[in-house]
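Working notes, structure below.
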Amino acid sequence: MDTSLSVEPRQDTGKGVARKLRAAGKVPAIVYAKGKDAQLGAVDPVRLLEIFRKSRNANTVVELQIGGATITAIVQEAQRHPVSRKLLHVDFFEVGADRPVEVMVPVKTSGKAIGVASGGNVEIIRRELKTRCAFDRIPESHEVDVTPLDVGDTVRASQLTLPDGVEVVYDNDFIVVACSGKKKA
């Protein structure tokens, strides 16, 4: 899948400049990089949304073409209008193979818990998990098999099965998925 995105460099900042860019069909953007100055630019919002629609992943790695150089980056933050939901501003963060990134990855369940037949209910306590890994190893989701869960059982962050080079960032070993409810008598 082609994830290249052209970034037009810009020098000016401010509310008026941003309004003019949006009126011209562009969205203001900033490219941050560790140890470098931020680069100001403008991107085509239609192309950016197309990349995300095709990938179906908020953590898509984008190849930015800016000033004759190619920068590999992920979207750090995208600001949207509260009513129209149009993109207002995008922050990109340059990634490299030499340092891991921290991103939020959704949690998905698979299977049918044993406790559901006993009157329980499977609940996803944490819908997203902060994950640290190389940019080319970002998982689409954390898959949790709930089949062995009975009423009262839980799956904690430390119990997740993760691919090589991927780790969940946590201070406390929190509950990710639980099977709660009352057992049938």
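Each value in this text was obtained by applying a stated rule to the coordinates, not by laboratory testing. Being a predicted model, the structure only gives us computed values, none of them experimental. Note: ideal-geometry Cβ built from the backbone for every residue, glycine included; neighbour counts use all protein chains shown.
Using alpha-carbon positions, what is the distance between the centroids of the range 147-185 and the range 17-48, in Å? Cα centroid to Cα centroid, the span is 40 Å.
When the alpha carbon gyration tensor of the range 101-181 is reduced to an equivalent ellipsoid, the three semi-axes, largest first, read 25, 12, 9 Å.
What is the ratio of the Cα radius of gyration of the chain to 2.2 N^0.38 Å, with N the residue count, to two decimals?
On the way: Rg = 20.7 Å, N = 185, 2.2 N^0.38 = 16.0 Å.
Dividing the Cα radius of gyration by 2.2 N^0.38 Å gives 1.29.
Label-to-label distance for Asp164 and Arg99 is 2.5 nm, based on points extended 7 Å past Cα in the beta-carbon direction. Here the sum of -39500 (n - 2.57) over DSSP H runs of 4 or more residues, divided by the residues of the chain, equals -3500 deg cm²/dmol at 222 nm, to the nearest 500.
Only beta bridges with both residues in the range 1-144 are counted; by DSSP, about 70 percent of them are antiparallel. For the range 4-94, the square roots a ≥ b ≥ c of the C-alpha gyration tensor eigenvalues yield an a/c of 1.5 or more together with a/b not exceeding b/c, which makes the shape oblate. Against the chain, whose longest principal axis comes from its Cα atoms, helix 45-55 is set at around 30 degrees.
I need the shape label for the range 1-48. Rule: rounded when a/c is under 1.5, else prolate if a/b > b/c, else oblate, with a, b, c from the alpha carbon gyration tensor.
On the way: a/c = 2.85, a/b = 1.06, b/c = 2.70.
Oblate, because a/c is 1.5 or more while a/b does not exceed b/c.
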